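*Asks:* The structure follows.
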Amino acid sequence: MTALLDVAGLCRRFTVGQPGPIERLRGKRPGVLHAVDAVDLRIGEGEVLGLVGESGCGKSTLARVVARLIDPSEGSIRFAGEDIGQIAARRFARHPLRRSIQMVFQDPTESLNPRWTAFDCIADPIRRMDPGAAAKVADRVHELAALVSLPETLLQRFPHQLSGGQKARVGIARAVALRPRLLVLDEPTSALDVSVQVVVLKLLDELKRRLGMSYLFVTHDLEVVRLICDRVAVMYLGRMAEVGTVGQIFERPSHPYTRALLSAVPSGVPGRTPQRIQLSGDPRSPIDPDPRICRFLGRCPNGTERCGTEMPQLRPMGEGHVAACHLADAA
Ligand SMILES: Nc1ncnc2c1ncn2[C@@H]1O[C@H](COP(=O)(O)OP(=O)(O)OP(=O)(O)O)[C@@H](O)[C@H]1O
Ligand SMILES: [Mg+2]
């Protein structure tokens, strides 16, 4: 499969804990938080890559860097063969490729302008990025409302007059208005009731097929991954722990962290749900981490001396299946 998105060695660091003047005199330096650390990632045309991992592991940061809303600290982001990592986020807002990469946010309430009607929210990207289509904006908005099954009567309402599921549809219609090739979705259903979540997931699955888009799909929910993803990337404290197809990850997880994550998910097959693996110990700090030490050490049930002196790199476990663990065995 040709890669639509090809990310290599991507890092995003944040400076934290700026010392006060007296602390500075005493030689205290600010800390550097490694939110995304040396990540490689590929997404093929029409492919859905799920990005999972616990809270704070860097999923949203990675999603925002890929969607070019924030800048990387290091590394390259190639999209359709073009190196877009070099274009500053504020310049990318006006770049012709902006329309090809769009984002759907977690909370539709926060991502929709409260002073705009649903119509204006959906029309906004068309008016900004596609001036040629300005005369036909109304037609396009009605088409998009139909595409996401949003009743036309709701188009004149403001976000606070819509339900969570309806707002999610507006957010999705807005994101697909310019027919992007890649949609970055950051927990797009986590603010919704379970029953509405299922409907919105089905809509996203159908839209992907109808419009031929690729997704980077950030979620906490492994059931969602099983439902709509082709491949899965498991992140732990800023680094990729394991990447593989849904089949490889669910059937033959190689990284101890992936196994712990999966142990919390019912398999759906009686007698096949693995025993729950409870991780003990505290996660390591993402601030100024020791580059030699495996980030999972301290919580890993299998950690050895080597894990404390040599950071494991991603290694092949099977075709297209990689894991970053010294103790993982290739299939
Ligand atoms: N602007 C920022 N300044 C400093 N630290 C930040 C900033 N944005 C994110 N972080 C830190 O980067 C790390 C990754 O955050 P991120 O939001 O990407 O995690 P996440 O995996 O999306 O978590 P969640 O599942 O809770 O949404 C966290 O330690 C977070 O505190
Ligand atoms: Mg997040």
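*Asks:* Could you work out how much longer the chain between M129 and T109 gets when fully extended? Use 0.36 nm per residue separation minus the Cα distance between them, nm to one decimal.
*Replies:* That pair, M129 and T109, stretches by 4.9 nm at full extension.
*Asks:* How much mean residue ellipticity at 222 nm does the chain get from its helices, if each DSSP H run of length 4 or more adds -39500 (n - 2.57) and you divide by all residues, to the nearest 500 deg cm²/dmol?
*Replies:* -8000 deg cm²/dmol
*Asks:* Towards the positive end of the charge dipole of the chain, with charges on Cβ (+1 Lys, Arg; -1 Asp, Glu), say which of L178, A38, I87 has the farthest Cα.
*Replies:* The one lying farthest along the dipole's positive direction is I87.
*Asks:* Still on this structure: Just check the range 116-194 against the gyration tensor rule for me: Cα atoms, a ≥ b ≥ c as the square roots of the eigenvalues, rounded for a/c under 1.5, and otherwise prolate or oblate depending on whether a/b exceeds b/c.
*Replies:* It is oblate, given that a/c is not under 1.5 and a/b is not larger than b/c.
*Asks:* Cα-based count: Lys pairs in the range 3-229 below 25 Å, eight or more positions apart or different chains?
*Replies:* So the count of such lysine pairs works out to 7.
*Asks:* May I ask you to give the percent of accessible area on the range 1-140 that is carbon plus sulfur, with a probe radius of 1.4 Å?
*Replies:* Whole-percent figure for carbon plus sulfur exposure: 50.
*Asks:* Here's something else I'd like to know. Nearest 20 debye, what's the magnitude of the dipole of the chain about its Cα centre given +1 on Lys and Arg Cβ and -1 on Asp and Glu Cβ?
*Replies:* 700 debye
*Asks:* So, one more: Choose one answer from V137, V184, V246: the residue with the largest mean-square fluctuation in a GNM of the chain with alpha-carbon springs under 10 Å.
*Replies:* Evaluated over the chain, the most mobile residue of the options is V137.
*Asks:* Okay, next question. Among P256, P291, P159, whose mean-square fluctuation peaks in a Gaussian network model of the chain (Cα, cutoff 10 Å)?
*Replies:* Maximum fluctuation in the GNM of the chain, among the listed residues, is at P291.
*Asks:* In whole Å, what are the Cα extents of the chain along the three principal axes, biggest one first?
*Replies:* 66, 62, 37
*Asks:* Within 10 Å of each candidate Cβ there may be at most 11 other Cβ atoms; applying that plus a DSSP loop requirement, which GluC sites (Glu not before Pro) in the range 274-331 survive?
*Replies:* E319
*Asks:* Output ³J(HN,Hα) for the range 313-326: one whole-Hz value per residue in order, computed from phi by the Karplus curve 6.51 cos²θ - 1.76 cosθ + 1.60 with θ = phi - 60°, and x for Gly and Pro.
*Replies:* Working through the residues one at a time gives 9, 5, 10, x, 10, x, 4, x, 10, 10, 9, 9, 8, 5 Hz.
*Asks:* Can you give the longest stretch of the chain with no exposed loop site, where a site means trypsin sites (Lys or Arg not before Pro) in a DSSP loop (not H, G, I, E or B) with at most 12 other C-beta atoms within 10 Å?
*Replies:* 116-271
*Asks:* Antiparallel DSSP bridges in the range 3-229: what percent, to the nearest 5?
*Replies:* Approximately 55 percent, going by the DSSP bridge assignments.
*Asks:* Please work through the chain and write down the cysteines that have no neighbouring cysteine Cβ at a distance under 4.7 Å.
*Replies:* So, C11, C57, C121, C229, C300, C325.
*Asks:* Within the accessible area of the range 230-331, what % is carbon and sulfur when the probe is 1.4 Å and the other protein chains stay in place?
*Replies:* The C+S portion of the solvent-accessible surface of the range 230-331 is 51 percent.
*Asks:* Continuing with the same structure: If you average the sequence gap of Cα pairs under 8 Å that are 6 or more apart and divide by the length of the chain, what percent do you get for the contact order?
*Replies:* 19 percent
*Asks:* Moving to a separate point now. What accessible area per residue comes out for the range 43-95, rounded to a whole number of Å², with a 1.4 Å probe?
*Replies:* Here the per-residue accessible area is 39 Å².
*Asks:* GNM on the chain, C-alpha springs below 10 Å: top fluctuator among T117, T109, T309?
*Replies:* T309
The values are calculated or read from the model by the stated rules, or taken from the named source; none is laboratory data. Since we're looking at a predicted model, the values are computed, not measured. Using ideal geometry, Cβ is built from the backbone for each residue, glycine included, and neighbour counts are taken over all protein chains shown. In case anyone asks, the SASA skips ligands and DNA or RNA and just uses the protein heavy atoms, side chains included. Shrake-Rupley method; radii C 1.70, N 1.55, O 1.52, S 1.80 Å.
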